[in-house]
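Working notes, structure below.
We did not get these values from a lab; they are worked out from the coordinates using the rules stated. None of these values were measured; they are calculated from a predicted model. Here the Cβ is made from the backbone with ideal geometry for all residues, glycine too, and neighbour counts use every protein chain on show.
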Amino acid sequence: MTLLRTRGPAEATQAIQRALRGETGGVVNGAVPREVTPEAATVVFEAPAKRNAETLKPREVRVDVENRGHFSTHMYSNAVGRRQYRLYVPAGNHSEPLPLIVMLHGCTQNADDFAAGTQMNSLAEQHRFLVAYPEQPQQANPSKCWNWFKPDDQRCGRGEPSLIAGITREIIGAHSVDPARVYVAGLSAGGAMAAIMIGAYPELYAAAGVHSGLPAGCAHDLPSALAAMKGGRPPRHARDAMDGTASLPKRPVIVFHGDADATVHMRNAMRLVQGFDARLHDGREPRRTVAGRRACTVSHLVSTNGMDAELWTIHGAPHAWAGGNARGSYTDPMGPDASAEMLRFFLEHPLRR
């Protein structure tokens, strides 16, 4: 606070960053600064229009780390087309291969919006992993949704899955990435595409996180997509395709869904974990409550072939990323921390050959 008053927000922020890195020293006006706690380090100062430090007001968010790591823009192309993506690489030397999480945004969002809302870059800086954010342009979909409901965008080596997989492989080839710890996650349309990716590329992704999404193969065009979003029964051929893959899940999955979601019905979360142990229907799963957060019920499931799944039912939650930051769209700060729970689940499940 002394630095903030005497030298401004830039110097104060640098002091917090040095403390987070474990660096010592830095006497300010003859006083040794106190230890910076994680709680204090979450305060980011925003300068007002006038350079008056006395009127500076803090707001609480996760540590703003983008000036520590490297958040860059890239372009990937293949025979299908091209997609831009943003890549966050944490600061420091990477002597050992790091995990990679591929994050697929929802409709109307972009990479920066999704990164701000999920705060996944902050977790990447704290826990040492890379984060990629492929972007869906408006030319591919008027609302910038991933086309999870189109047959050509639901298959390995075709359409948008080939672009997302190509981006993933490009990052693995260009950076020190542990190929056994590559994961995919998404929200809404991005969640539906994450479900497609884990089924189409089980050799590439070790696990998936689906937030407010839908199961792979539940629709084949826009009308069937709208019906699926409302929780309707999938068409016969879609049910046959889903039943054919659900009996033996290919990779672990963690699913988050609000039971007050008016955009994508909760039934889709249940369908996402078809093929895992059906204990989620017996009503005995514990209901978790944390002060200041929404209550949720967490179901831990295991398939007959040994694949794990978790289903987080968030009570009273809308169509939004649980525990997200209000700087991004479609976030629910009152929810459990979906980003942290996904990361925990991912790191517990490296790729099994």
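Points worth noting:
- Sub-6 Å Cβ pairs linking a first residue in the stretch 107-118 that is of a type in the set (Gly, Ala, Ser) to a second residue that is surrounded by 21 or more Cβ atoms within 10 Å (Cβ to Cβ) and in a helix (DSSP H, G or I), at least 6 apart or interchain, are ALA115/ASN121, ordered by first then second residue.
- Residue ranges of strands (runs of 3 or more DSSP E) in the stretch 253-353 with at least 2 members surrounded by fewer than 21 Cβ atoms within 10 Å (Cβ to Cβ): 296-302
- If only residues of the stretch 129-140 that are in contact (Cβ under 8 Å) with a residue 24 or more places away in the chain and out of contact with any strand residue (DSSP E or B) (no Cβ under 6 Å at 6 or more places or on another chain) are counted, the one that is surrounded by the most Cβ atoms within 10 Å (Cβ to Cβ) is GLN136.
- Residues in the stretch 147-184 that are in a helix (DSSP H, G or I) and farther than 17 Å from GLU135 by Cα: PRO151, ASP152, ILE172, GLY173, ALA174.
- Some residue of the stretch 179-187 being on the phi > 0 side of the Ramachandran plot, among the hydroxyl-bearing types (Ser, Thr, Tyr) and touching a residue at least 24 places away in the same chain (Cβ under 8 Å): no
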